[in-house]
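Student: Have a look at this one before I ask anything.
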Amino acid sequence: MTTTSPAPAPPAPPAPRTDDQRFRYTVAAVATAALMLPFSVTGAAVALPSMASRLGASVGSAQWMLNAFNIGFAALPLAAGGLADRYGRRRVLLAGTTLVGTMSLLVALAPSMALVDAARAVQGCGAAAVLASGAAVLAHGTSGARRRLAFGILGTSFGTGLAVGPPLAGALVEGPGWRSVFLLVAAVSLPSAFLTSRVPESRTPRSPGTDRPPLDLAGPVLFTAGLAALAFGFARATTDGWAAPVPLGLFAAAVLLVLLFAVVELRRADRALFDVRLFARPEFLAVVCQPFTVTLGFVVLLVYLPTYLQGTAGHGTLDSGLLLLPMTAPVLLLPLVAGRLAQHTSVRAVLTAASALIALGALLLTTLDGGGSWAGLAVPLLPFGAGVGLAFGVMDDAAVGTVPVERAGAAAGIFNTLRITGESVAVAGAAALLTSLTAARLRAGGLGGGPAADLAGQAVVQGRVAPGQRAAVAEAFTGAFHTAGLLLAALSATGALLTWRALRPGSGR
C-alpha cells in the first residue's frame, strides 16, 4: 500500500494593503518624484557656468540648456494631465519619472552642449508628466485631512528640492564636477520609480458602450510651438534689439499660435485636453492665475542670482548656493504651516498674504549693492521665500479642490501648465531683460555696443566676468536687478489685490 503525502496548500494570497499603507506609498512616490523637479532647475542653473566653460558653449547655447527644459516642462502638463485621466495616473507618473532620470543620465554623459540641450528638452517633457500626474494621483488617492496633509508634504518636497538644490549643486560642482549634479537626479529616479510601481492605479471611468474620444494632439503642438517662438524671440531680442524685425516676428508668431491653440480647444469641446469649462468656476480661475504672481519672480532669482553672485561678487559656486538659503529655506519649512493656516483662516487669506510678502521682497531687491553679503541678501530674500513657501502649501490643493475628483488630472494639467508657463517665460524673458538692461548701462558708461552686449550676456547667463571689467559689470548688473525688482513688486502687488477680490467669501475658498 502506498501512501501519498497531502498536496501542499496553495500559498495564501497577499494580504490587501491597508489604507495606511496605500497612503504612505502614494505620498512617498509622488513626493520623491517631485523632489527631482526643482533640483533639475536649481541644480542646472548653479552648474551652468561650469558646464558652459567645460563644454565651450556660447551664451546662446548655454541659455538654451534652461529654455529647452522649460518649454517641454511648461507645454506638456496639460497633455500629461489628460493622458493620466485617460490611461492611468500611476502609469503616466512612472513614465515621467523614468524619462527624467534617463535624460539626466544622458546629460551627465553628454560630450557637447548640443546633446545637453536635446536631452534637457526631453527631460522637460518627463518633468511635465511627473508634475501633472503626481497631483492627480494625490487627489484621487486621498481625501479630507489626509489630502491636505498629502499636498502639504508635496509642497515640502518641492521646497526641499529648492532649498537644498543650490548649495548641494554648488558642493557637487566644486567637488566631483558639474556632471555629478545630473547623476544625482538619475539616482533619485530609481527609488521614485520603485515606489510609484506600488501605487494603486486610477483613471477616469468610461461610460458603458461609449468609445474614448481621439487624442487632442493639435492643442499641445500649437501651445508648444507658441512657447518656443516666444523663447526664441526673447533670445533674439537680446542680440538684435527688442524692435528688430526677427524678434517682433517671433513674438507675433507666438501670439498667433496661442490664439490658434485657444480656438482649437474651444472647437473640440469635450474632446479637448484643455477643459475650458473649468474656467467657468471663478475660484478655479483665481487659483490657476496665482502662479504668475508667486513663482515668476522666484524662479528668476533662483536662476540668475547665482550667476550674479559668481560674476559680480566673485563668490564660488558653493557660496552662491548657500547665499540663497534665506529665500529657499522658508520654501522648505512653510508649506505644511500654510495648510494649517488655511484651515484656521482661508486659502484666500494665505494666498493674498503670500503675494504681498513677495511684493515686499521684490521691492527690497533695490537694496542690492553688488557685494553679495549674506545680511544684504537676507533682507529681500526672506520675505520673498516666506511668500512662496506659504503659496506652495495651498496652491496645488486649491486647484484640484475646486473641481470634481474625476477631472483632477485636467485641473492639475491646466494649473501646472500656467504655473510652468509663467516660469518658462520668466527664465527666457528675464535673461533678455537683464542682459539688455545691463548692456544699456555699460553702453551709457562708454563701452561699445558689441562688447557691452557680449559682457552682459556672459555675466547674466554664464556668471563670467573678466577681472578688469568686474566693477563696471557689477554696477550695471546690480542696476538691472533693481529695475527687475520694481517690475516684480508691481506684478505681485497687483496679484495680491486680484486674489483678495476673486476669492471672496462664498467661493468656498
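Student: Starting from region 313-340, keep only residues that are more than 13 Å from T42 (Cα to Cα) and assigned by TED's automatic domain parsing to the domain that holds A375, then list their pairs with residues that are assigned to a helix (DSSP H, G or I) and of a type in the set (S, T, Y) whose Cβ atoms are within a distance under 7 Å, requiring at least 6 positions of separation or different chains.
Tutor: Once the first residue is more than 13 Å from T42 (Cα to Cα) and assigned by TED's automatic domain parsing to the domain that holds A375 and sits in region 313-340, its partners that are assigned to a helix (DSSP H, G or I) and of a type in the set (S, T, Y) give L332/T156; L332/T160; P335/T156; L336/T156.
Student: Taking the condition assigned by TED's automatic domain parsing to the domain that holds A391, in contact (Cβ under 8 Å) with a residue 60 or more places away in the chain and in contact with a Leu (Cβ under 9 Å, 6 or more places away or on another chain), does L93 pass?
Tutor: no
Student: Hey, another quick one. Can we say S50 is at pLDDT below 80 and more than 23 Å from G226 (Cα to Cα)?
Tutor: no
Student: Sticking with this one: Give all pairs with beta carbons closer than 6 Å in which a residue from region 23-50 that is over 17 Å from M103 (Cβ atoms) meets a residue that is outside any helix (DSSP H, G or I); count only pairs at least 6 apart in sequence or on separate chains.
Tutor: Y25/R198; Y25/V199; T26/V199; A29/V199; P49/G463; S50/W178
Student: Mind checking whether some residue in region 495-503 is charged (D, E, K, R) and under 30 Å from T345 (Cα atoms)? Break it down stepwise before answering.
Tutor: Quick first cut of region 495-503, residues charged (D, E, K, R) only: 501.
If we keep only those that are under 30 Å from T345 (Cα atoms) as well, we get 501.
Yes, some residue in region 495-503 is charged (D, E, K, R) and under 30 Å from T345 (Cα atoms).
Student: Additional query: Scanning for something closer than 21 Å to F158 by Cβ, surrounded by fewer than 21 Cβ atoms within 10 Å (Cβ to Cβ) and under 19 Å from the mean Cα position of the chain (by Cα), does region 321-331 turn up at least one residue?
Tutor: Yes - at least one qualifying residue is present in region 321-331.
Student: So, T345, is that one over 21 Å from A489 (Cα atoms) and assigned by TED's automatic domain parsing to the domain that holds P166 or not? Give the derivation first.
Tutor: Working: over 21 Å from A489 (Cα atoms): yes; assigned by TED's automatic domain parsing to the domain that holds P166: yes.
For T345, the condition - over 21 Å from A489 (Cα atoms) and assigned by TED's automatic domain parsing to the domain that holds P166 - is met.
Student: Look through T238, T204 and report the one residue that is at pLDDT below 80 and in contact with an Asp or Glu (Cβ under 6 Å, 6 or more places away or on another chain).
Tutor: That would be T204, the only listed residue that is at pLDDT below 80 and in contact with an Asp or Glu (Cβ under 6 Å, 6 or more places away or on another chain).
Student: Within region 155-163, does at least one residue satisfy the condition of being more than 18 Å from L390 (Cα to Cα) and assigned by TED's automatic domain parsing to the domain that holds L35?
Tutor: No, region 155-163 contains no residue that is more than 18 Å from L390 (Cα to Cα) and assigned by TED's automatic domain parsing to the domain that holds L35.
Student: Right, another one. So which residues in region 294-332 are under 15 Å from A362 (Cα atoms) and of a type in the set (F, W, Y)?
Tutor: F298, Y304
Student: Confirm whether V188 is modelled with pLDDT of 90 or more and either surrounded by fewer than 24 Cβ atoms within 10 Å (Cβ to Cβ) or not in a helix (DSSP H, G or I) (or both).
Tutor: yes
Student: Hey, among the residues in region 427-470 that are outside any helix (DSSP H, G or I) and not β-branched (V, I, T), which one's surrounded by the fewest Cβ atoms within 10 Å (Cβ to Cβ)?
Tutor: Filtering region 427-470 down to residues outside any helix (DSSP H, G or I) leaves 445-448, 463-466.
Narrowing further to those that are not β-branched (V, I, T): 445-448, 463-464, 466.
Details: G445: 12, G446: 8, L447: 20, G448: 10, G463: 25, R464: 19, A466: 11.
The extreme case among them is G446.
Student: Kindly establish whether F151 is crowded, with 20+ Cβ neighbours inside 10 Å, in contact with an Asp or Glu (Cβ under 7 Å, 6 or more places away or on another chain) and either under 26 Å from Y25 (Cα atoms) or at pLDDT 90 or above (or both).
Tutor: Yes, satisfied.
Student: Hey, another quick one. From the residues in region 159-171 that are buried (at least 24 other Cβ atoms within 10 Å of the Cβ) and modelled with pLDDT of 85 or more, which one is nearest to H315 (Cα to Cα)?
Tutor: G170
The values are calculated or read from the model by the stated rules, or taken from the named source; none is laboratory data. Remember, it's a predicted structure, so these values are computed and weren't measured experimentally. Reconstructed Cβ throughout: ideal geometry from the backbone, glycine too, with neighbour counts over all protein chains shown.
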